Amino acid sequence: MRIAAVGLSVLRMPLVRAFETSFGRMAAREFVLVSVEDASGAVGWGECVADADPFYSAETTTTAWHVLEKYLVPAVLGRSVPAASDLPAMWTRVRGHHMAKAALEMAAWDVDARLRGQPLCERLGAAARPIASGVSIGIEGSIPELLDRIALELAAGYRRIKIKIKPGWDRAPVAAIRDRFGDVPLMVDANAAYTPADAAGLTGLDEFGLMMIEQPLDYGDLLRHARLQAGLRTPICLDESITSPDVAADALELGACRIINIKPGRLGGFVASMAVHDLCRAAGVPVWHGGMLESGIGRAHNLHLSALPGFTLPGDVAASRRYFVPDLIEPPIDVAPDGTIQIPPGPGLGVEPVPERVAACRMHAVRYHA
Ligand code: OSB
Ligand code: MG
């Protein structure tokens, strides 16, 4: 492909429901939408998962825009590349900024697959299959409200429930869920809200048979996660800590986790995500696909990547309507009554952004051409 033009826009979309985690409350998503145009006119899309605020990651919409505009787009514009997997080598001088890199690389993967007339998952080496989907439920105002929310999600078909926890909102909601919903597949995500001194409280969660505890400690705390895991029956899953294939390899060698959450934005794209997938698969460590409250563009990318065989646990890849009404894309992503989601068929992502919907939430836009 020859990268003839790249478009960048900032979109702001209100969420259907505000989402609260240990790091804050989000009522809308602000993100950079990237388009990559091949010389033939074929267009691919990518969604940057950096948010307006640096609360989950250091990157923000503004830093992503800056790095894309000043470094990443100039590195690829007008260049011919055999495959999307060649892009990361073109910006090795740029440190960090994984979410900005991932958005551009993933847009290139979409064009690459469209040019070959292949669904993106096949381009990644995986056959389409139904993707098991779970839901991530934010911190709610009260336990009864949380239980009502879970009842709705189970009725919608979702088969795995993840709740957000923080000190003071952990044991009681988990006990209440076990009480009301029995042994429903359940996991918790702390988004780094605990310290090693809280370890006793986390060990207390062992009696509830959770699938995993996601990211209990701080981002850089591999060693402390390993110590915590040694005293915990429940598997630890790392999300925020896993920023590269090397860090993933270190985490496994140290015993810092028994499960890994893959998010292409956090890892810097599909090339790095596939490397983490492959090393986990070789080590017999299950992976699952995380979510960042993406619009349908990022959601479709996540589904295609989830077709790889190492994704053996349900992902945070739920239906469009849980997040945005309407979603940016047609057709929307829907969940089946058995809690699975079909990968959109057709070339590339298999979904298209609807121009009027993009225009309605666009705050600014630029197009660069070679
Ligand atoms: O930690 O997995 C996380 C959303 C934003 C930032 C971080 C996380 C999340 C979620 C939501 O848990 C997952 C989703 O439904 O997209
Ligand atoms: Mg998480």
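The values are calculated or read from the model by the stated rules, or taken from the named source; none is laboratory data. The structure presented is a predicted model; accordingly, all values stated were derived computationally and were not measured. FYI the Cβ positions are ideal-geometry reconstructions off the backbone, even for glycines, and counts take in every protein chain you see. Keep in mind that these areas ignore ligands, DNA and RNA; they rest on the heavy atoms of the full protein, side chains included. Shrake-Rupley method; radii C 1.70, N 1.55, O 1.52, S 1.80 Å.
Close Lys pairs in the chain (alpha-carbon distance under 18 Å; sequence gap of 8 or more, or different chains): 4.
If you place +1 on the Cβ of every Lys and Arg, -1 on the Cβ of every Asp and Glu, and leave all else neutral, what size is the dipole of the chain about its Cα centre, to the nearest 20 Debye? The dipole of the chain has a size of about 320 debye. At an R0 of 41 angstrom, the distance between the Cβ atoms of Ala52 and Asp250 translates into a FRET efficiency of 0.85.
Look at where the Cα atoms of the stretch 100-178 and of the stretch 19-64 average out, and the two centres are 17 Å apart. For GluC sites (Glu not before Pro), no site in the stretch 101-150 is both called loop by DSSP and has at most 10 other Cβ atoms within 10 Å. Each helix, a run of at least 4 DSSP H residues, gives -39500 (n - 2.57); summed and divided by the residues of the chain, these come to -9000 deg cm²/dmol at 222 nm.
What does the charge count around Met274 come to, taking other residues whose C-beta lies under 15 Å from its C-beta (Lys +1, Arg +1, Asp -1, Glu -1)?
Net local charge, Met274 excluded: -1.
Surface composition of the stretch 123-341: carbon plus sulfur atoms contribute 55% of the solvent-accessible area (1.4 Å probe, protein chains only, all chains present). Classified by the C-alpha gyration tensor, the stretch 123-341 has an oblate form. Its axis ratio a/c, with a ≥ b ≥ c, is 1.5 or above, and a/b does not exceed b/c.
If I take every Cα pair under 8 Å that is 6 or more residues apart in the chain, average their sequence separation and divide by the length, what percent do I get for the relative contact order?
Normalised by residue count, the contact order of the chain is 22 percent.
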